[in-house]
Ligand SMILES: [Zn+2]
């Protein structure tokens, strides 16, 4: 909840919802893979955290094991609300 | 050439093992550390990564190698690796580009053949760039790049239309797809590839048994066989890097001649970097 609120403060002009790929496409997620509907501001915050952990567009790929660590690192700090019983 | 390695490490782990003054914090929870590759601390980080790995964990979350060159070094190179920096999505396949998968390798997923003009959401191509690439490896160039390529009489690629997928039927766009038509250059085994600089994939988990893939990631500069030299100004490597996963595809590397380097620098083109590549 705190994270959702902080994201809204960080991106005050973001309204509405966006679909978030649980595994971002640039990290090898499938376009028809699992998505969650997130408030746009929170989606931006999660996306930014992914890019801090594994920068976009550097032409390198994690192994599937490395990818699991990345997902854990991002989602332990920015959980998917639906997965922890919160309706965003 | 100056080579540095960049790590992204969870702040919690960095605090436990690294000098607090080393690197910069990104948003409080991630530390970015950049070191010359021969710095003793790189060895220390590799050692920590191995130790973390033994308990199924990872010390660094990502890594990247940066190679920077002097003007003189780039001018002296007889072959260059053109690295497309600007990347974007959605991919061609997601926008309606069709691919013929009939000759795709069942081991590594290489070899899908593009069977239509490239269709993209061209609004997603980074503005002000002259060369950009989707995350699936489709390379597009600006009309000013195309003009320079044609006017300089450069060889080795065709420039084909890119269509924009709007709401209705695909529309024409100002972008062109760079399709390399020259003979692929043979990648030498001197080229180092692997999972990361400390794990060269000794088990060949990411190397296709049919030899299509050099490795998951390029680690060293590129080395190609001298015998594969022809007069093309742009060519691809015969072996690919990466894997097929979701929208990602195995990708070749782009090799260019000094003439194309000069044309890019004269524009000056935006969205790329150059590394020296070597004939062996
Ligand atoms: Zn293969």
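See the values below:
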item: Scan of the stretch A:46-69 for residues that are assigned to a helix (DSSP H, G or I), modelled with pLDDT under 95 and within 7 Å of chain B (Cβ to nearest Cβ), ordered by number; result: A:66, A:69
item: Single residue of B:110, B:46 found to be more than 18 Å from residue B:270 (Cα to Cα) and outside the structural domain of residue B:260 (by TED's automatic domain parsing); result: B:46
item: Residues located in the stretch A:11-45, provided they are out of contact with any strand residue (DSSP E or B) (no Cβ under 7 Å at 6 or more places or on another chain), surrounded by fewer than 14 Cβ atoms within 10 Å (Cβ to Cβ) and within 13 Å of chain B (Cβ to nearest Cβ); result: A:30, A:32, A:34
item: The stretch B:227-266, residues that are within 16 Å of the ligand (Cβ to nearest atom) and part of a loop (DSSP other than H, G, I, E, B); result: B:238, B:239, B:242, B:243, B:244, B:249, B:250, B:252
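Quick grid of which residues meet (1) in contact (Cβ under 8 Å) with a residue 24 or more places away in the chain; (2) assigned by TED's automatic domain parsing to the domain that holds residue B:207:
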position: B:13; (1), (2): yes, no
position: B:21; (1), (2): no, no
position: B:29; (1), (2): no, no
position: B:100; (1), (2): no, yes
position: B:106; (1), (2): no, yes
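The values are calculated or read from the model by the stated rules, or taken from the named source; none is laboratory data. Treat the numbers as computed from the prediction; the structure is a model and nothing was measured. FYI the Cβ positions are ideal-geometry reconstructions off the backbone, even for glycines, and counts take in every protein chain you see.
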